[in-house]
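Structure record follows, encoded as structure tokens.
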Amino acid sequence: MDFGEVVPGIDYRKRDAVYAVILDAKGEKVAIMVQNGKGFLPGGGMEKSEEHESCLMRECIEETGFNMYIERYIGNAKQYFQSRHNEYIMNNGYFYAGNFGEFVKRPIEDDHELVWMELGEAKRMLFHDSHLWAVKKTLIKR
């Protein structure tokens, strides 16, 4: 799946990333990381030679303090966008459904706030359409 507008003649920097769709026990709310007034799924960019699962675990602990149990792979989606620093990026996202595990340590990313949101609120807050796609796909599979 591809999301966002591709501007002709622009070279996009490819960024491989992994994200988690984590629902509450009732399946009514989704975990959203709020940063600078924008919502994102927990996760982020992969380091060189890093596997999906280890990246997702690292990112969840860094952002939320909790480890994560991966239940299943949701899919891959590309998000084309221009960053706040005017860089053109193609975010090559891999999405997984799962649950938070035990609390490991205090999050190191102080500018990220974990918020549980109902789907309507998440629709308004999520910055990338690919993240909303992954949430909807997860809800359908429940």
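The values are calculated or read from the model by the stated rules, or taken from the named source; none is laboratory data. Note that the structure is a prediction, hence the values are computed from the model and not measured. Here the Cβ is made from the backbone with ideal geometry for all residues, glycine too, and neighbour counts use every protein chain on show. Only protein heavy atoms, including side chains, enter the accessible area calculation; ligands, DNA and RNA are left aside. Shrake-Rupley method; radii C 1.70, N 1.55, O 1.52, S 1.80 Å.
Observations on the model:
- The alpha-carbon atoms of the chain define a convex hull whose volume equals 111 cubic angstrom per residue.
- Amide proton proximity set for residue 21, modelled H, under 5 Å, gap of 5+: 96, 97, 98
- Normalised per residue, the volume of the convex hull around the Cα set of segment 41-85 (Å³): 113 Å³
- Electrostatic tally near residue 4: other residues with Cβ closer than 11 Å to its Cβ, Lys and Arg +1, Asp and Glu -1, net -2.
- Two-site FRET efficiency, residue 13 against residue 111, from Cβ-Cβ distance with R₀ of 30 Å, rounded to 0.05: 0.85
- Cα-centred dipole magnitude for the chain, charges only on beta-carbon of K, R (+1) and D, E (-1), debye, nearest 20: 420 debye
- In this label model, residue 104 and residue 24 are separated by 2.5 nm, measuring between points 7 Å along each Cα→Cβ vector.
- FRET efficiency for the pair residue 124 and residue 2, taken as 1/(1 + (r/R0)^6) with r the Cβ-Cβ distance and R0 = 22 Å, rounds to 0.50.
- Choice from 32, 89, 61 with maximal GNM fluctuation in the chain (Cα, 10 Å cutoff): 89
- Per-pair calculated FRET efficiency, R0 = 30 Å: residue 141 and residue 83 via Cβ, rounded to 0.05: 0.45
- Residues 136, 48, sorted by accessible area with the largest first, give 48, 136 [1.4 Å probe; ligands and nucleic acids excluded].
- Note that segment 1-82, at 4 °C in a medium of 1.567 mPa s, gets a Stokes-Einstein diffusion coefficient of 90 µm²/s from its Kirkwood radius over C-alpha pairs.
- Quarter of the Cα convex hull surface for segment 97-136, i.e. its orientation-mean projected area (nm²): 3.8 nm²
- Neighbours of residue 13 by Cβ distance under 15 Å: Lys/Arg scored +1, Asp/Glu scored -1, total +2.
- Local electrostatic count at residue 61 - Lys and Arg +1, Asp and Glu -1, tallied over other residues with Cβ under 12 Å: -2
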